[in-house]
Structures are given as C-alpha cells and as structure tokens.
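The values are calculated or read from the model by the stated rules, or taken from the named source; none is laboratory data. Since the model is a prediction, treat every value here as computed from it, not as a measurement. Every residue, glycine as well, gets a Cβ built from its backbone with ideal geometry; the counts of neighbours run over all protein chains shown.
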Amino acid sequence: MRKITLYLLLFLFINKSYAQQFDIAEQMNNIHSPIASIKTMTNEYDAVDARVRSYSSDYKSSAALAEQILKDFTTKKDRIRALYTWLCITIKYDMVSFSKGQTEIGFSYTSKTDFDRKMKVINNSIVHKTLQTKKAICEGYAQTFKEVSEYLGIECKLIGGYAKGDVSDINTIPEAENHAWNAVRIDKKWYLIDATWGAGYTYGNKWFAQFDDFYFFTDPDQFALTHYPSETEWLLTESKLTLKQFYSKPIYKNSFFLNKLKLISPKFGVLEEATKTDIVFLMGHLPENMNLFYAFKGDRYSKKIEPDCNSDQCTFNIPFTKTSDSELYIFVNQRPILEYYVRLK
C-alpha cells in the first residue's frame, strides 16, 4: 500500500495590534500604557472572570481543568467563558517558538483512520506541552481550547486560516496558514473565539500579557476583518470575501468596533497619493464627544481631525505631506481604530 507523507505547519501568528500604537504613543508623551487593561464587554461575565482568577494555574490536564469548570458553572456560555479566561490569563505566548518560525512535522499514514489516529497523538502532545509549560503559540491555545471544550460537553471546532493585525500585512498573503482559533456551538449557534489574541500582544520583540475579551464571541462581521478561515464556511457571514480581498483592506483595531464606527471610504488598505494632497475619508455619523486624531509613521505628535458631519455621515481630510511612502494611523479618543499604508505616487 502506498504511503503518503503529510507535513503539518504549526500556526505562529500572534496579534500585533498594539505595536504601532505604542511606537507612536511614546512619541506623544506616552499617552498610552502597554499595561493598561482592556475591558470590552458588559458586566455579563464579571462574576465568571472573578471566580476563574482565583483558580490555580497548575492544572496539568484538560480533564482536571474541565472538572473544576463543571463544578463551578452550570451554563454552557459561562463554562466556555471560564475556559477562555483561564487560558488567556494563564498561558503565556511562546516567543521562543515564535522566533524560530514554522515547524514541519512529518509522518506517513496509510488510511484516513491511520491519519486521524496520528493527528490525535500530535494534537494531544501539543495540549500536554501547553498545560505543562504554560506556554504556547496559537496552535497550543486553540488545541487546548478544543480539548477542554470537549470535556465540557460543548461542540468545538479548531479553525485554521489567516490573520492580519499590522500595516505590513496589507496586500501580503502568506504562503501558508498563519493562525488558528476556535468556534463553539451553543444552543444551535456557532460563536467565534480567539484565545491567543485575548491573552496579550507583542511590542517589539517582547510579549505583554493583557486580557482582552473582545475576542470572545466576537461578531462574525467584525471578526472577518481580522481573521480569514481556510474553510470559508467558518466566516459565519453572509458576505464571503476572497483571501485577496481580505488582505487588501485596511487594518481594523478593536476600538473601531467598540465605538460602533462605520467606514464608508477608503476601504482599501493601500492608498496611492501624491505629496501635498488630501486623503479624503467618509464615515458614518460620529458622536459629538468623539475626538479624532491622526499621525503618520515617524511623527512626534498626533494631529486633531475636524470632521464635517451631518445627521448620517461625516467626512474629513488628512493632508499627506510626506516625500516617501508612509503609514497612517487614525485614533478615536486616543485609541487606534484604523491603519493604512500610503504609497507616494
């Protein structure tokens, strides 16, 4: 019987969503702190989070962690939230593995049954290492989330695909999948979760732990602007972008969604502009107490934007005076919302 060899590429992508923010912030009198907490949801899960923060970090098996969660919580949503919170606050991102790049795991198999058996061994090994070392790349977060969910009796899918969180990602499609996350099925509905991005972010060559619940039960339409599954059914949206369209868009930050903003134009992440011209933006209506700022890469200070608004939408211009390609960052109330790459004509 002919044997087939499979090479499994482990997913390495980590959220870089704050790296550029802090580079600029340091030049703007450090108005942002890299250790500031991010609380993006309502108080619905505060009691769950508080209980989980009292858990030991020393659970060495998925079964043991699941047993504790089952003991403390009765609803599936609370149990999944407990798992998400524990992983995010306990597992640290493995920067050593990240710096080494993708790892090839080669093995042969002779049938689907043989393939499934060997993949299970590999996945179990990833989960075991994650819980023993309390470190992982995104594959470890996602595999552990899936295994504990199964012990909790909750259907869970590990989703492989692509993610982008930095200007350098615009129009740059990786040769292979670079990220992994999860979807869980509760009461006949699928919910999207990314524990890797919920655990922290990179700044330079360092990783900072910072719990972020935006990536728990994220709205699919918002999730689709930062994550693209290889199996497009897991977009869970009516609009089915292509991978090329996904990478052509600007970089959307959490604060864009949390402020319920609507971008009308420009919707492409690379802007072709001549120097000493204005970049014109059109957005949905902005509340009066919302302050907009912008900065280009290398700028020492941000500059305030004065939008012209009516009851439905707002327009504003950002002058482009650079004499070479640059990066544009737009802020709302001192939080980043959008990033573009500006190419000099």
Of the conditions (1) touching a Pro at 6+ places or on another chain (Cβ under 7 Å); (2) without any contact (Cβ under 8 Å) to a residue 24 or more places away in the chain; (3) among the hydrophobic types (A, V, I, L, M, F, W, C), the single one that PHE208 does not satisfy is (2)
Scan region 217-229 for residues that are aromatic (Phe, Trp, Tyr) and crowded, with 23+ Cβ neighbours inside 10 Å and jot them down.
-> PHE223, TYR228
In region 209-258, how many are modelled with pLDDT under 95, assigned to a loop (DSSP other than H, G, I, E, B) and aliphatic (A, V, I, L, M)?
-> 1
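Output yes when any residue across region 219-230 is touching a Lys or Arg at 6+ places or on another chain (Cβ under 7 Å) and not assigned by TED's automatic domain parsing to the domain that holds PRO336, and no when none is.
The first filter runs over region 219-230 and keeps only residues touching a Lys or Arg at 6+ places or on another chain (Cβ under 7 Å), leaving 225-226.
Subsequent filtering for residues that are not assigned by TED's automatic domain parsing to the domain that holds PRO336 retains 225-226.
Within region 219-230, one or more residues are touching a Lys or Arg at 6+ places or on another chain (Cβ under 7 Å) and not assigned by TED's automatic domain parsing to the domain that holds PRO336.
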Has region 313-329 got any residue that is modelled with pLDDT of 95 or more, within 28 Å of the chain's Cα centre (by Cα), acidic (Asp, Glu) and not in a loop (DSSP other than H, G, I, E, B)?
-> yes
Count - residues of region 264-287 that are part of a strand (DSSP E or B), aliphatic (A, V, I, L, M) and over 25 Å from the mean Cα position of the chain (by Cα) = 3
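Could you list, in sequence order, the residues of region 181-207 that are assigned to a helix (DSSP H, G or I), closer than 20 Å to GLU155 by Cα and either at pLDDT below 85 or not polar (S, T, N, Q) (or both)? Steps first, answer last, please.
Going residue by residue through region 181-207, those that are assigned to a helix (DSSP H, G or I) are 195-199.
Next cut, closer than 20 Å to GLU155 by Cα only: 195-196.
Hit for region 181-207 is ALA195, nothing else.
With modelled with pLDDT under 65 and assigned by TED's automatic domain parsing to the domain that holds GLN210 as the only criterion, which of GLU44, GLU104, GLU67 stands out? Before the answer, list the steps.
Values: GLU44 fails: modelled with pLDDT under 65; GLU67 fails: modelled with pLDDT under 65.
Answer to the selection: GLU104.
Kindly check whether there is at least one residue in region 173-185 that is over 26 Å from LYS244 (Cβ atoms), surrounded by fewer than 21 Cβ atoms within 10 Å (Cβ to Cβ) and over 12 Å from the mean Cα position of the chain (by Cα).
Residues of region 173-185 over 26 Å from LYS244 (Cβ atoms): 184-185.
Imposing the further condition that a residue be surrounded by fewer than 21 Cβ atoms within 10 Å (Cβ to Cβ) reduces the set to 185.
Then keep just the ones that are over 12 Å from the mean Cα position of the chain (by Cα); that gives 185.
Looking for residues that are over 26 Å from LYS244 (Cβ atoms), surrounded by fewer than 21 Cβ atoms within 10 Å (Cβ to Cβ) and over 12 Å from the mean Cα position of the chain (by Cα), one finds at least one in region 173-185, hence yes.
Condition test on PHE22, is it assigned to a loop (DSSP other than H, G, I, E, B), within 30 Å of VAL332 (Cβ to Cβ), modelled with pLDDT under 55 and of a type in the set (Phe, Trp, Tyr)?
On the way: assigned to a loop (DSSP other than H, G, I, E, B): no; within 30 Å of VAL332 (Cβ to Cβ): yes; modelled with pLDDT under 55: yes; of a type in the set (Phe, Trp, Tyr): yes.
No.
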Scanning for something touching a residue at least 40 places away in the same chain (Cβ under 8 Å), assigned by TED's automatic domain parsing to the domain that holds TYR141 and in contact with a strand residue (DSSP E or B) (Cβ under 7 Å, 6 or more places away or on another chain), does region 272-281 turn up at least one residue?
-> no
Tell me which of these LYS157 doesn't satisfy, since it passes every other one: (1) in a loop (DSSP other than H, G, I, E, B); (2) modelled with pLDDT of 95 or more.
-> (1)
Show the residue pairs that are 6+ apart or on different chains and have beta-carbon atoms under 6 Å apart, the first residue being within region 230-246 and touching a residue at least 12 places away in the same chain (Cβ under 8 Å), the second being surrounded by 16 or more Cβ atoms within 10 Å (Cβ to Cβ) and β-branched (Val, Ile, Thr).
-> TRP234/ILE159
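Take the residues in region 322-345 that are of a type in the set (Phe, Trp, Tyr) and out of contact with any Gly (no Cβ under 9 Å at 6 or more places or on another chain), then tell me which one is nearest to VAL280 (Cα to Cα). Please lay out each step first, then the result.
So the first thing to find is which residues in region 322-345 are of a type in the set (Phe, Trp, Tyr), and the list is 329, 331, 340-341.
When the remaining residues are screened for being out of contact with any Gly (no Cβ under 9 Å at 6 or more places or on another chain), the result is 329, 331.
Working: TYR329: 14, PHE331: 16 Å.
Here the residue is TYR329.
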Candidate set: region 251-267, residues that are touching a Lys or Arg at 6+ places or on another chain (Cβ under 7 Å) and of a type outside the set (S, T, N, Q); chosen: the one surrounded by the most Cβ atoms within 10 Å (Cβ to Cβ) = ILE251
Can you confirm whether region 235-252 contains a residue that is closer than 26 Å to THR90 by Cα and not assigned by TED's automatic domain parsing to the domain that holds ASP312?
-> no
